[in-house]
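The values are calculated or read from the model by the stated rules, or taken from the named source; none is laboratory data. This one's a predicted model, so the numbers in the text were calculated from it and none came from an experiment. Cβ sites come from the backbone with ideal geometry, for glycine too, and all protein chains shown count toward neighbours. With ligands, DNA and RNA removed, areas are computed over all heavy atoms of the protein, side chains included. Shrake-Rupley method; radii C 1.70, N 1.55, O 1.52, S 1.80 Å.
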Amino acid sequence: MPISQFFCFCKCHQNISHTHTYIDLKKAMMRIFAGFFHKRMSALSAKPGLHHSVSEWCNNNQQLSATAQHERHVSNVIRQEGRSLRNETNCETTWDENETSRRLSDRAWDVARWKDVLENCAQKVDEEMEALTLSKEQTEQALAATAVPQEVTGECLTLRDGRRGYELVIDPVDEQLKKEAQLIESVQRALQQHIDKAFEQLCVLQEVRHQLTADLQNKMDALDIDMTCLSLTIKSPQISLKPNPTRIPSGSSTPKEWVQFSQFNVARAQEAMQISQQMREDMSLTRAQLQNEMDTQRRVTEFALRKRNHHEEQARDELEWQIKNTEDEMAEMETDIHGLDADLQAKTASLKLAHTRLENRTNRPGMDLCRDEVQYGLVKEVHQLEATIMALKQKLSEAQNSLQKMKLHHSRMLQDLSRKQEALSLEQRSMNTRTRLMSASCTDKVLLVPLTNSSGRSNLQLLAQ
């Protein structure tokens, strides 16, 4: 290294670092000079190179040329293969990107189609839930409406149990009322069974709807992801290299399993809706049949009640007529008894007269005590009067006994008339009580039911993410 260059180096080095001290600069100069002289001495002490012949020189030049030509050929082949690889990979990449976009588009179409199917199915499930809830509420109202007939029937039975004596009979009205009570109990059991089944089916529909909504939500999320992937390009700012993107996530399914899962959800929903429709038809038919049976039994009971009331009125009228005739007969009997008693007194006076005459004629003296025609006439009169008095006494006794019996029977008839009038009053109260059934029937015909389902939803709502 020339001295001028060395000083330039030192100057530059000094300009670069102003913090070096003089001692440091001196040490650096010593190291540079030592290295320079060592290199020069090594070059002077080296031996001269090996001399070659002209043929070796030519061979070396030919070898260099051949090697250069071979390397250029190899380079050309590599360049052509690289260009071909570039073209091929560009085509493959473009094809793969287009094929992937097509697959994404087809997949998005499939997901959208199943999304529409699930939405329609979920909407139908909502409608079926509303219809089943309405039918269930109508059945509950029908069940609640049986409380009035049951109360009326029980009240009628209680009223009729208040009858006394021979009026407390097991008549057709009593039988029909008991039959009506049994029918109402059977109707309540049947309606309650339908209500319980409807509640269970609503739970099934709710579960089915939840499954459909969850599947629908997954379809919408998957569709958003696939549409986002479909909109990405190589120029999109969101793309980047990801760690192990080709891994298989846990819980992955095959396309067949994916389709079968949605098909199972739809099939299960359709089966549940079919069962619900059949259940609604059964409930409607059962309500109509049971209502007809109750109406028929009500008419039969009311007919028996009216018929019984008519018979009791006839019996009361007959008894009143018998009482009136008996009272008339008793009055005439009392009059006749007074007449018999008066005749008996008169006959007793005549007997006294005949006895007195006979007794007085026994006082006749001597031969004048003759049993003459007067004597025989008085004796005959006495015997006749005694027989008459005996007959009158016997008839008077019979009349008095008959009058006493008529009085006793009259008293019993009055008691029975009182019971019949009380029974008629109870029957009338029963008929008045049963008028509540007609008013309740008219009220049921104008009943309004709100259109809501058991979950409180009236439209389709997706699950929250």
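Worth a mention:
- Note on the range 181-233: residues that are surrounded by fewer than 16 Cβ atoms within 10 Å (Cβ to Cβ), small (Gly, Ala, Ser) and closer than 26 Å to SER262 by Cα total 1.
- So GLY82, is it over 60 Å from the mean Cα position of the chain (by Cα), open to solvent by less than 100 Å² (accessible area, probe 1.4 Å) and at pLDDT 90 or above: yes
Conditions (1) at pLDDT below 90; (2) part of a helix (DSSP H, G or I); (3) aliphatic (A, V, I, L, M), marked per residue:
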{"position": "GLN322", "(1), (2), (3)": "no, yes, no"}
{"position": "ARG364", "(1), (2), (3)": "yes, no, no"}
{"position": "ALA387", "(1), (2), (3)": "no, yes, yes"}
{"position": "LYS407", "(1), (2), (3)": "no, yes, no"}
{"position": "SER411", "(1), (2), (3)": "no, yes, no"}
{"position": "ARG429", "(1), (2), (3)": "no, yes, no"}
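- Looking only at the range 353-386, and only at residues there that are touching a Leu at 6+ places or on another chain (Cβ under 9 Å) and charged (D, E, K, R), the one that is least open to solvent (accessible area, probe 1.4 Å): ARG361
- Sole residue being over 30 Å from ALA142 (Cα atoms) and either surrounded by 12 or more Cβ atoms within 10 Å (Cβ to Cβ) or of a type in the set (Gly, Ala, Ser) (or both), chosen from MET406, MET431: MET406
- The sole residue among GLN394, GLN400 that is without any contact (Cβ under 8 Å) to a residue 40 or more places away in the chain, under 19 Å from GLY339 (Cβ atoms) and open to solvent by 60 Å² or more (accessible area, probe 1.4 Å) is GLN394.
- Among the numbered conditions (1) part of a helix (DSSP H, G or I); (2) at pLDDT below 90; (3) of a type outside the set (Phe, Trp, Tyr), the only one that ARG371 does not meet is (1).
- Selection within the range 128-187 - over 30 Å from MET413 (Cβ atoms), β-branched (Val, Ile, Thr) and assigned to a helix (DSSP H, G or I): THR133, THR139, VAL148, VAL152, THR153, ILE184, VAL187
- Scope the range 164-174; condition touching a residue at least 40 places away in the same chain (Cβ under 8 Å) and either open to solvent by 60 Å² or more (accessible area, probe 1.4 Å) or in contact with a strand residue (DSSP E or B) (Cβ under 6 Å, 6 or more places away or on another chain) (or both); matching residues: ARG164, TYR166, PRO172
- A search for C-beta distances below 6 Å between a residue of the range 259-284 that is open to solvent by less than 50 Å² (accessible area, probe 1.4 Å) and any residue that is among the aromatic types (Phe, Trp, Tyr), counting only pairs 6+ apart in sequence or on different chains, returns SER262/TRP114.
- Of note, GLN123 satisfies the criterion of being of a type outside the set (Phe, Trp, Tyr), farther than 30 Å from GLN297 by Cβ and open to solvent by 40 Å² or more (accessible area, probe 1.4 Å).
- One residue alone among ARG316, ARG299 is out of contact with any Pro (no Cβ under 8 Å at 6 or more places or on another chain), surrounded by fewer than 17 Cβ atoms within 10 Å (Cβ to Cβ) and either among the small types (Gly, Ala, Ser) or at pLDDT below 95 (or both), and that residue is ARG299.
- When each of ILE337, ILE323 is tested for being closer than 30 Å to LYS420 by Cα, out of contact with any Leu (no Cβ under 6 Å at 6 or more places or on another chain), surrounded by 15 or more Cβ atoms within 10 Å (Cβ to Cβ) and of a type in the set (A, V, I, L, M), the lone residue that passes is ILE323.
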